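Heads up: the structure comes next, in structure tokens.
The values are calculated or read from the model by the stated rules, or taken from the named source; none is laboratory data. Note that this is a predicted model, so its numbers are computed, not measured. Note: ideal-geometry Cβ built from the backbone for every residue, glycine included; neighbour counts use all protein chains shown.
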């Protein structure tokens, strides 16, 4: 009887552990489509600003300091066929530099209003 209870207890603990590991996060990461980006810029190597075709601007707080990003361009490190870049996941290579930077958290998007002519 003790063996059965031990097995059931261990099964319950392991099931709970695996269920927690497989649980969907409460907040999914924000992703942007690189095909919809008009421009990207970093003035300080810590914050990256993306302007999109629809007029929205996304600000990303990079996970680390990328000083060469202020002076050089960059190339995304994407899987074949993928065009999305997601916060806290995507990395990019600074051109003419050994630096590899990783996106951090995105701020809520802002939208530019155009003045009427």
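Tell me, which strands (runs of 3 or more DSSP E) lie completely within the range 9-91 with 3 or more residues that are farther than 18 Å from residue 109 by Cα and modelled with pLDDT of 95 or more?
none
Just give me the residues in the range 53-70 being in contact with a strand residue (DSSP E or B) (Cβ under 6 Å, 6 or more places away or on another chain) and within 17 Å of residue 87 (Cα to Cα), in sequence order. Explain how you work it out, then say what you get.
First pass over the range 53-70, keeping only residues in contact with a strand residue (DSSP E or B) (Cβ under 6 Å, 6 or more places away or on another chain): 53, 55-63, 66, 68-69.
Those that are in contact with a strand residue (DSSP E or B) (Cβ under 6 Å, 6 or more places away or on another chain) and within 17 Å of residue 87 (Cα to Cα): 56, 57, 58, 59, 60, 61, 62, 63, 66.
If residue 54 satisfies every condition in (1) touching a helix residue (DSSP H, G or I) at 6+ places or on another chain (Cβ under 8 Å); (2) surrounded by 14 or more Cβ atoms within 10 Å (Cβ to Cβ) but one, which is the exception?
With (1) touching a helix residue (DSSP H, G or I) at 6+ places or on another chain (Cβ under 8 Å); (2) surrounded by 14 or more Cβ atoms within 10 Å (Cβ to Cβ) applied to residue 54, the lone miss is (2).
Looking only at residues that are touching a helix residue (DSSP H, G or I) at 6+ places or on another chain (Cβ under 9 Å) and not in a strand (DSSP E or B) in the range 95-111, which one is surrounded by the fewest Cβ atoms within 10 Å (Cβ to Cβ)? Lay out the reasoning, then the answer.
Looking only at the range 95-111, we keep the residues that are touching a helix residue (DSSP H, G or I) at 6+ places or on another chain (Cβ under 9 Å), and these are 95-99, 101.
This time we only want the ones that are not in a strand (DSSP E or B), so: 95-99.
Numbers: 95: 13, 96: 10, 97: 15, 98: 7, 99: 18.
My answer is 98.
Could you look through the range 68-86, keep only residues that are closer than 16 Å to residue 41 by Cα and touching a residue at least 40 places away in the same chain (Cβ under 8 Å), and pick out the one that is farthest from the chain's Cα centre (by Cα)?
Step one: list which residues in the range 68-86 are closer than 16 Å to residue 41 by Cα, which gives 68-76, 85.
Still in the running and touching a residue at least 40 places away in the same chain (Cβ under 8 Å): 76, 85.
On the way: 76: 12, 85: 6 Å.
Checked the range 68-86; the qualifying residue farthest from the chain's Cα centre (by Cα) is 76.
Within the range 71-94, which residues are over 14 Å from residue 31 (Cα atoms) and either in contact with a strand residue (DSSP E or B) (Cβ under 6 Å, 6 or more places away or on another chain) or surrounded by 15 or more Cβ atoms within 10 Å (Cβ to Cβ) (or both)?
Correct list: 72, 74, 75, 77, 92, 93, 94.
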